[in-house]
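Following: one structure in structure tokens, then a few remarks.
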Amino acid sequence: MNSSDFKSSINGIQTDLFILKNKNGLSAAFTNYGARWISFNVPDKNGTIDDIVLGFNSLQEYLKAEEKYHGAIIGRIAGRIKRAGFNLNNKQIELSINEKFPDGSYGHLHGGIQSFSFRVWEGTKNINERGEEMVSFHLLSPAKEEGYPGNLKVEVTYTLSNNNSVKIEYNASSDKLTPLCLTNHAYFNLNGRSGHDVLNHYLQINGSEFLEMDPIDFSVTGKIIEVKNTPLDFNKMKKIGADINVRYYQIIEGRGYNSYFILTQNAAFYSAAILKSEESGRSLEILTTEPGLQLYCGGYWTGQDFGKGGLPYRKYGGVALELQQYPDAVNNRHFPTILLEPNQKYYQLTEYRFRLSTI
Ligand code: GLA
């Protein structure tokens, strides 16, 4: 991967690649286009280094990809807002519409048309007090952008720690009441660039409930369902492929996993999930301050995008574990609020800890 393939200019702002290294020889790269996570180069059980974050070798490929969200920061609201609107203190807020469905319904997905994922952020590289390399991305989201109220300042910092983890810290504040629910949309394949699907990856999720997905518009219905006795039970570690073909309505409609899991949050910062591959011996443990995660395995991928290893990204080619607050909380008042008060500090931390492990 060449930095020069990420140097360009979008709307007059320079894009670039920011490469971080740690003392153990691991590296990770990021770009200020969408504040994206581009790569995470880690060894396998034989010591072979490979990249476990899906995506492309150049900015141009990100711009034309069928899957638009590889590695991107999602905002202002991750996930889908039913009918692209909600009521805020007796005022109807209309958001931009970027999804339309065959039956005429529509929605607002991942912050809208020119969302944070497609903006060029300001990026700066730094070193923290432990000597770890980090990159911070800044963005100003003006009031009314995509329909959202309030001028919002956002800072996302990625740190490559000396414990072989990538930490993502989210900081934000607004001058008016606004909903905010940020996440990162990286897809992983622990078998590296030549890895095929993720069906042989093991996954454990520390949560016993999920939100029902509405098959009409992929938003949530508001119903909370227990994972017990459903194919969405990942309480005990199991292969992603084990139950992905079970004829269960949420799996059929979501083309595999496409659901939000409510996590058992037993501390402010806690272990949410573990992803492992027997084939490569690589594992990722995800720790977070967030209350849940959206699991999606690329069920809609068609093979049209060719990734870094030159292979097509086909159905189930990667797994996204999007640590975030409850989706469409603005239309489901029984979910924890995602409203940010004026001048209140928004802070979330998610850490992806790499390890070599035996299953
Ligand atoms: C978008 C979202 C995914 C998934 C798919 C298919 O790409 O980012 O999480 O929901 O739509 O529904």
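Between residue 314 and residue 252, the modelled label-to-label distance comes to 2.4 nm, taking each label 7 Å out from Cα in the direction of the beta carbon. Taking a point 7 angstrom from the Cα of residue 243 along the C-beta vector, which residues in the range 255-284 have backbone N less than 20 Å away? The answer is 255-265, 272-277, whose backbone nitrogens lie closer than 20 Å to the label point.
If I stretch the segment between residue 279 and residue 356 completely, what's the gain in nm (0.36 nm per residue apart, minus their alpha carbon distance), one decimal? Intermediate values should be presented prior to the final figure.
Working: separation 77, 0.36 × 77 = 27.72 nm, distance 1.13 nm.
Between residue 279 and residue 356, full extension yields 26.6 nm more.
You can think of it this way: the chain between residue 96 and residue 122 has 6.9 nm of extra reach, that is 0.36 nm per residue less the Cα-Cα gap. Legend: residue pairs 91/176; 68/153; 100/153, Cα-Cα distance threshold 19 Å; pairs beyond threshold, 68/153; 100/153. Relative to one another, the C-alpha centroids of the range 1-69 and the range 258-294 are positioned 23 Å apart.
Here the dipole of the range 109-230 is about 180 debye; that uses its Cα centre as origin and unit charges on the Cβ of Lys and Arg (positive) and Asp and Glu (negative). Remark: the range 12-29, residue by residue, has Karplus-estimated 3J(HN,Hα) of x, 10, 6, 9, 7, 10, 10, 9, 10, 10, 10, 6, 9, x, 7, 9, 8, 10 Hz, where x stands for each Gly or Pro and the curve is 6.51 cos²θ - 1.76 cosθ + 1.60 at θ = phi - 60°. Protection proxy ranking of 280-291, 332-343, by the mean of other Cβ atoms within 10 Å over each peptide's residues and highest first, is 280-291, 332-343. Computed extension length for residue 129-residue 177: 13.9 nm, one decimal, from 0.36 nm per residue of separation with the Cα-Cα distance subtracted. Rounded, prolate or oblate: which fits the chain when a ≥ b ≥ c are the square roots of the eigenvalues of the alpha-carbon gyration tensor, with rounded for a/c under 1.5 and prolate only if a/b beats b/c? In terms of gyration-tensor shape, rounded. Using every pair of distinct Cα positions in the range 34-111, the Kirkwood expression returns a hydrodynamic radius of 15.4 angstrom.
Over the chain, dividing the summed -39,500 (n - 2.57) contributions of all DSSP H runs of at least 4 residues by the number of residues returns a 222 nm mean residue ellipticity of -1000 deg cm²/dmol. Let a ≥ b ≥ c be the square roots of the eigenvalues of the Cα gyration tensor of the range 109-167; is it rounded (a/c under 1.5), or, if not, prolate (a/b larger than b/c) or oblate? Taking the square roots of the gyration eigenvalues as a ≥ b ≥ c, the range 109-167 is prolate.
On the beta carbon distance between residue 46 and residue 88, with R0 = 51 Å, the FRET formula returns roughly 0.40.
Read-outs throughout are calculated quantities, based only on the coordinates presented, and are distinct from any laboratory measurement. This one's a predicted model, so the numbers in the text were calculated from it and none came from an experiment. All Cβ positions, glycine included, derive from the backbone under ideal geometry; neighbour counts span all protein chains shown.
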